[in-house]
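Undergrad: Have a look at this one.
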There are 2 protein chains.
Amino acid sequence: MLNFEFKNPTKILFGKGEIAKISNEIPKDAKILMIYGGGSIKKNGVYDQVKEALKDHDLHEFGGVPANPEYEVLVNALNFIKENKINYLLAVGGGSVIDGVKFLSAAANYEGEPWEILKKPVRTFEGEGMPFGTILTLPATGSEMNSGYVISRRETNEKLSSGGPGLFPQFSVLDPEVIRSIPKNQIANGIADAYTHVLEQYMTAPSSADLQERIAESILISLQNAAPKVMSDEFDYDAAGNFMWCCTMALNGLIQKGVITDWAVHAMGHELTAYYGIDHARTLAVVAPSHYRYNFDAKKGKLAQYAERVWGITEGSTEEKAEQAIVKLEEFFHSLQIQTKLSDYTQDFAGTAERVEKAFTERNWLGLGENKNLTPQDAFKIVEMSY
Amino acid sequence: MLNFEFKNPTKILFGKGEIAKISNEIPKDAKILMIYGGGSIKKNGVYDQVKEALKDHDLHEFGGVPANPEYEVLVNALNFIKENKINYLLAVGGGSVIDGVKFLSAAANYEGEPWEILKKPVRTFEGEGMPFGTILTLPATGSEMNSGYVISRRETNEKLSSGGPGLFPQFSVLDPEVIRSIPKNQIANGIADAYTHVLEQYMTAPSSADLQERIAESILISLQNAAPKVMSDEFDYDAAGNFMWCCTMALNGLIQKGVITDWAVHAMGHELTAYYGIDHARTLAVVAPSHYRYNFDAKKGKLAQYAERVWGITEGSTEEKAEQAIVKLEEFFHSLQIQTKLSDYTQDFAGTAERVEKAFTERNWLGLGENKNLTPQDAFKIVEMSY
């Protein structure tokens, strides 16, 4: 097991009705800015619950943060924060809103041009951000219990990630009731996103971190169990709760401790979103199977373990089980109505592999995969396999 | 899934050599009291590593905290803290030393007679304790990543527990190298203690908290896998690391969230330690099988699930699998050279069940078990079954 440090101070308030408790989590004299996205919270009752819970607080609002939170919009929010001397932020939304609020938390306590925070090497914001809490309305990214975030800037076509130990939410409310009103395609995206988060921290060369691997497998199995129930038209509170908690646990740092991690699927997937606007989670479903086939020798031990422990496949050689594992993964994505080939999303895919290779070559290339030994040429082949 | 709140702010520093980092975790101007037990840390090198790491800090020492930390000894430490204006505590030891330091952390910031903290209802210390860190030398209790503790007072024959949100360690160092020098009977106790901690949070009526149950099962399997390796004479760093991390994860709050918990085995086991001085972990091994047999109908669903998922037993009815589960549990304790009958530890056991029943009857009885419906008479029968 590799040495590791782990600290996650976020307080989770989990369950039906927990939004009412946030008034105890935020100082009485705080000047709060509630930040949200496109307004779905006004339809599902969350907005009203927040207003009621904070009726004795000084509460301001900033709506309209888009998916893939954009710098331009966030700078408007930052100006509002500074002009109105806001000192507490409340994200009400999914991963995009929470990521945006993390950026604002850092930027509010940063002297100088806010974009500089993101241009520094990843995860180097060392200060304390402005305190903030979150109310999660779309389980997927895990942003509600970690300190990382991704921000896009349209004018320069950049999508940059950052984070830091002072950017954990002080609290996050996870009320499974919010899942009632989420469209099924977004639930499917959430499942696929969380599932792939686990795979990125698990589907590597074998490790000796037995407990972390088993917890990763537990999250995968639990997501699989919850999937058909949360995709069904009948609301199932317990399935919704398991799905929600799995998404959080998939990326709160726990399963990545003591092991090597991959994240190549995300790196290639981000390109597909940039070129074609394909939903983030769906790009992961396109890239992951090809990535595992291309790196079969390095990953076959873990693929076979996944086949055995997660899918109960006990027959066959290591190679046979590993091959079945990839088929099972594809079938799981298909069960969510998520397609796993680039050509399922666009007929305009010719040249994508070349474009990815070129983009990676032009950047400050650090290598992809758990051993950082994949080259832009490898990415070319993986993306080409995913057509 | 039940509603829950979860917050665990302890920073874990895991791995070989991590003790050297504690100088960065403690303020440079802190006046530190290092607290330890019988002196084994002077033989295994931990004492020297701490002295070296903190050579530029103002470091004081207080040794001699015994197993089942005693109030009388801790009051001496408390006087030292007040007289010398100590403002940071460092526990270097196992669960007893860490528990003692948590009491000191609370008492140092409490006006009035320190014993009052423990006489209040359990877990109600609401203030912030004096900041403290820990260096774990004996994996077992999980105290290094939670905020609870147990203190004994010889003069009144009391053993009381307390805790509170302000009593988490600021950091805990988990270096698996410490396991090299732990006597095998203490390693066995640590495995049995952590294993039973998981069972107390898992072996209840069925729940709908799928992920929590699977993580509990992961810890049980991982402890089983590590057990023969850490009990062997040849040191295995990875097995030691898995054992150590399992002990921490068994009682850091995660697997108890959203589920009902039992803790009847601990309540009855504590009595056996009080009467006969049997090691805490071994009393759990004595009581647990009888407890599960006595409450077979309520627990058979979970027992069968444990048989299937943890031991791979897929044949037979629910009842048959549940019965095999208890046998497997007994065999696991035996594999650690831990006996599971009271008569294996004392020939003087006659009247123990009566004594437990009387003791429970005389106390402010709240009921035992996950539904708090077990009476002192039930405890009589369970203890009698364990002769």
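The values are calculated or read from the model by the stated rules, or taken from the named source; none is laboratory data. Owing to the predicted nature of the structure, the values given are computational and were not obtained by experimental measurement. Reconstructed Cβ throughout: ideal geometry from the backbone, glycine too, with neighbour counts over all protein chains shown.
Undergrad: Given B:285, B:250, which one is touching a His at 6+ places or on another chain (Cβ under 7 Å), buried (at least 22 other Cβ atoms within 10 Å of the Cβ) and touching a residue at least 12 places away in the same chain (Cβ under 8 Å)?
TA: B:250
Undergrad: Being among the aliphatic types (A, V, I, L, M) and not in a helix (DSSP H, G or I) narrows it down to one residue among A:205, A:239; which is it?
TA: A:205
Undergrad: Further, regarding this structure: Does residue B:306 satisfy being out of contact with any strand residue (DSSP E or B) (no Cβ under 6 Å at 6 or more places or on another chain) and crowded, with 20+ Cβ neighbours inside 10 Å?
TA: So residue B:306 passes the test.
Undergrad: Between a residue in the stretch B:1-24 that is under 14 Å from residue A:3 (Cβ atoms) and any residue that is at pLDDT 95 or above and basic (Lys, Arg), which pairs come within a Cβ distance under 6 Å, given they are 6 or more apart or on different chains?
TA: B:11/A:7; B:13/B:21
Undergrad: If I filter the stretch B:46-66 down to residues being assigned to a loop (DSSP other than H, G, I, E, B) and modelled with pLDDT of 95 or more, which single residue comes out as nearest to residue B:20 (Cα to Cα)?
TA: Here the residue is B:54.
Undergrad: Check A:108, A:140, A:77 and return the single one that is surrounded by 15 or more Cβ atoms within 10 Å (Cβ to Cβ) and closer than 25 Å to residue A:180 by Cβ.
TA: Only one candidate qualifies: A:140.
Undergrad: Further, regarding this structure: Just give me the residues in the stretch B:269-278 being outside any loop (DSSP other than H, G, I, E, B) and under 17 Å from residue B:141 (Cα atoms), in sequence order.
TA: Scanning the stretch B:269-278 gives B:269, B:270, B:273.
Undergrad: Ok, one more. Return a yes/no flag: does the stretch A:197-212 have any residue that is in contact with a strand residue (DSSP E or B) (Cβ under 6 Å, 6 or more places away or on another chain), within 10 Å of chain B (Cβ to nearest Cβ) and of a type outside the set (S, T, N, Q).
TA: No, the stretch A:197-212 has no match at all.
Undergrad: Just checking, does the stretch A:259-269 include any residue being surrounded by fewer than 18 Cβ atoms within 10 Å (Cβ to Cβ), closer than 27 Å to residue A:13 by Cβ, in contact (Cβ under 8 Å) with a residue 24 or more places away in the chain and more than 10 Å from chain B (Cβ to nearest Cβ)?
TA: Taking every residue of the stretch A:259-269 in turn, none turns out to be surrounded by fewer than 18 Cβ atoms within 10 Å (Cβ to Cβ), closer than 27 Å to residue A:13 by Cβ, in contact (Cβ under 8 Å) with a residue 24 or more places away in the chain and more than 10 Å from chain B (Cβ to nearest Cβ).
Undergrad: Would it be correct to say that residue A:227 is under 18 Å from the mean Cα position of the chain (by Cα), over 17 Å from residue B:218 (Cα atoms), surrounded by fewer than 24 Cβ atoms within 10 Å (Cβ to Cβ) and within 13 Å of chain B (Cβ to nearest Cβ)?
TA: yes
Undergrad: Return only the number of the condition from (1) within 7 Å of another protein chain (Cβ to nearest Cβ); (2) of a type in the set (S, T, N, Q); (3) assigned to a helix (DSSP H, G or I) that residue B:248 does not satisfy.
TA: The single condition residue B:248 does not satisfy is (1).
Undergrad: Grab the helices (runs of 4 or more DSSP H) fully contained in the stretch A:279-344, keeping just those with 3 or more residues being in the same structural domain as residue A:204 (by the TED database) and β-branched (Val, Ile, Thr).
TA: In the stretch A:279-344, A:280-294, A:318-335 are the helices (runs of 4 or more DSSP H) which contain 3 or more residues that are in the same structural domain as residue A:204 (by the TED database) and β-branched (Val, Ile, Thr).
Undergrad: Right, residue A:222: closer than 28 Å to residue A:371 by Cα, modelled with pLDDT of 95 or more and facing another protein chain (nearest Cβ under 9 Å) or not?
TA: Judged against the criteria, residue A:222 is not a match.
Undergrad: Further question on the same structure: So, of the residues in the stretch B:327-358 that are among the acidic types (Asp, Glu) and within 30 Å of residue B:230 (Cβ to Cβ), which turns out to be surrounded by the most Cβ atoms within 10 Å (Cβ to Cβ)?
TA: B:330
Undergrad: State the number of residues belonging to the stretch A:345-366 that are out of contact with any helix residue (DSSP H, G or I) (no Cβ under 8 Å at 6 or more places or on another chain) and of a type outside the set (A, V, I, L, M, F, W, C).
TA: 5
Undergrad: Scan (1) among the small types (Gly, Ala, Ser); (2) outside the structural domain of residue B:105 (by the TED database); (3) more than 18 Å from the chain's Cα centre (by Cα) for the single condition residue B:129 breaks and write down its number.
TA: (2)
Undergrad: Another question, then. Which condition does residue A:2 not pass, out of (1) more than 23 Å from residue A:146 (Cβ to Cβ); (2) part of a loop (DSSP other than H, G, I, E, B), if it passes all the others?
TA: (1)
Undergrad: Checking residue A:153 against (1) in contact with a strand residue (DSSP E or B) (Cβ under 9 Å, 6 or more places away or on another chain); (2) within 14 Å of another protein chain (Cβ to nearest Cβ); (3) under 23 Å from residue A:279 (Cβ atoms); (4) not aliphatic (A, V, I, L, M), which test does it fail?
TA: If we test residue A:153 against (1) in contact with a strand residue (DSSP E or B) (Cβ under 9 Å, 6 or more places away or on another chain); (2) within 14 Å of another protein chain (Cβ to nearest Cβ); (3) under 23 Å from residue A:279 (Cβ atoms); (4) not aliphatic (A, V, I, L, M), just (2) comes out false.
Undergrad: Can you tell me which residue is surrounded by the fewest Cβ atoms within 10 Å (Cβ to Cβ) among those in the stretch B:6-42 that are away from chain A (no Cβ under 14 Å) and assigned to a helix (DSSP H, G or I)?
TA: Here the answer is B:42.
Undergrad: Say whether the condition of being buried (at least 24 other Cβ atoms within 10 Å of the Cβ) and either of a type in the set (Lys, Arg) or within 17 Å of the chain's Cα centre (by Cα) (or both) is met by at least one residue in the stretch A:208-219.
TA: yes
Undergrad: A further question on this structure: I need the full set of residues from the stretch B:345-358 which are β-branched (Val, Ile, Thr), assigned to a helix (DSSP H, G or I) and over 22 Å from the mean Cα position of the chain (by Cα), in order please.
TA: Answer for the stretch B:345-358, where residues must be β-branched (Val, Ile, Thr), assigned to a helix (DSSP H, G or I) and over 22 Å from the mean Cα position of the chain (by Cα): just B:352.
Undergrad: Within 14 Å of another protein chain (Cβ to nearest Cβ), closer than 29 Å to residue A:223 by Cβ and not hydrophobic (A, V, I, L, M, F, W, C) - does that describe any residue in the stretch B:230-241?
TA: Yes, there is a match, as at least one residue in the stretch B:230-241 is within 14 Å of another protein chain (Cβ to nearest Cβ), closer than 29 Å to residue A:223 by Cβ and not hydrophobic (A, V, I, L, M, F, W, C).
Undergrad: Still on this structure, please answer the following. Every residue in the stretch A:253-270 that is of a type outside the set (Lys, Arg) and over 16 Å from the mean Cα position of the chain (by Cα), please.
TA: A:258, A:259, A:260
Undergrad: Of all the residues that make up the stretch B:359-385, how many are in a helix (DSSP H, G or I) and exposed (fewer than 13 other Cβ atoms within 10 Å of the Cβ)?
TA: The qualifying residues number 2.
Undergrad: Further question: Could you say whether any residue in the stretch B:287-303 is more than 24 Å from residue B:374 (Cα to Cα) and not hydroxyl-bearing (Ser, Thr, Tyr)?
TA: Within the stretch B:287-303, none of the residues are more than 24 Å from residue B:374 (Cα to Cα) and not hydroxyl-bearing (Ser, Thr, Tyr).
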